[in-house]
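Reviewing the structure listed below.
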Amino acid sequence: MNDFQEFPQQVSELVQMSKDYLRQETIEPAKELGKHAGMGIGGALLFSFGSFLALLGVYSLLKMVLPETEWYVVLARFLTALVAAGSAGVVGWRLSNDNL
């Protein structure tokens, strides 16, 4: 008879223990993952903005150095696009390297 009276208490303890385990193993690591993902996204946005400003500087430098004709403006834009493509290629190549 004693075992049947303790059964609701044991079920209650089991449910509470399951909730605590679920919180410990899923919710807490998910919060940590969210913090790290936020920092990664923030860093990527800042890096992208810095790259944009650097390319804008390259374009302005090329416009200042090259003569002021219509075709040289086109050449400055083309060279800036080449620098951007080359930079993206180097970053992609380094990211695909297995020895990071």
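For a straight C-alpha distance cut-off of 20 angstrom, the aspartates and glutamates reachable from residue 35 (same-chain residues fewer than eight places away being disregarded) are 25. Using a probe of 1.4 Å, the accessible surface attributed to residue 66 totals some 40 Å² when neighbouring protein chains are kept in position. Within the assembled protein chains, the solvent-accessible surface assigned to residue 49 is about 120 Å², based on a 1.4 Å probe. With the helix formula -39500 (n - 2.57) applied to DSSP H stretches of n ≥ 4, the chain reaches a computed 222 nm mean residue ellipticity of -31000 deg cm²/dmol. Summed over the residues of the chain and divided among them, the accessible surface reaches 88 Å² per residue at a probe radius of 1.4 Å.
Of 39, 17, which has the most accessible area and how do the rest follow, probe 1.4 Å? Please list the in-between numbers first.
Values: 39 150, 17 120 Å².
Descending accessible area places them as 39, 17.
The candidate values are (1) 66; (2) 61; (3) 45; the one derived from this structure for percent of Cα pairs over 21 Å apart carries the label (1). Per-residue extension of 0.36 nm, minus the Cα-Cα distance of residue 99 and residue 6, leaves a gain of 27.6 nm for this segment.
Placing unit charges on the Cβ atoms only, positive for Lys and Arg and negative for Asp and Glu, gives the chain a dipole magnitude near 700 debye about its Cα centre. For the chain, with all protein chains in place and a probe radius of 1.4 Å, 69% of the accessible heavy-atom surface sits on carbon or sulfur. A simple spin-label model places pseudo-atoms 7 Å from Cα toward Cβ; at residue 22 and residue 81 they are separated by 5.5 nm. For the chain, the residue among 93, 52, 17 whose Cα projects farthest onto the positive side of the dipole built from Cβ charges is 52. Between the alpha-carbon centres of the stretch 61-94 and the stretch 1-39 there is a gap of 57 Å. Extension gain for residue 36-residue 90 works out to 16.9 nm (0.36 nm per residue, less the C-alpha to C-alpha distance).
The values are calculated or read from the model by the stated rules, or taken from the named source; none is laboratory data. Note that this is a predicted model, so its numbers are computed, not measured. Every residue, glycine as well, gets a Cβ built from its backbone with ideal geometry; the counts of neighbours run over all protein chains shown. Ligands, DNA and RNA are stripped out before the accessible areas are found, and what is left, the full protein with its side chains, is counted by its heavy atoms. Shrake-Rupley method; radii C 1.70, N 1.55, O 1.52, S 1.80 Å.
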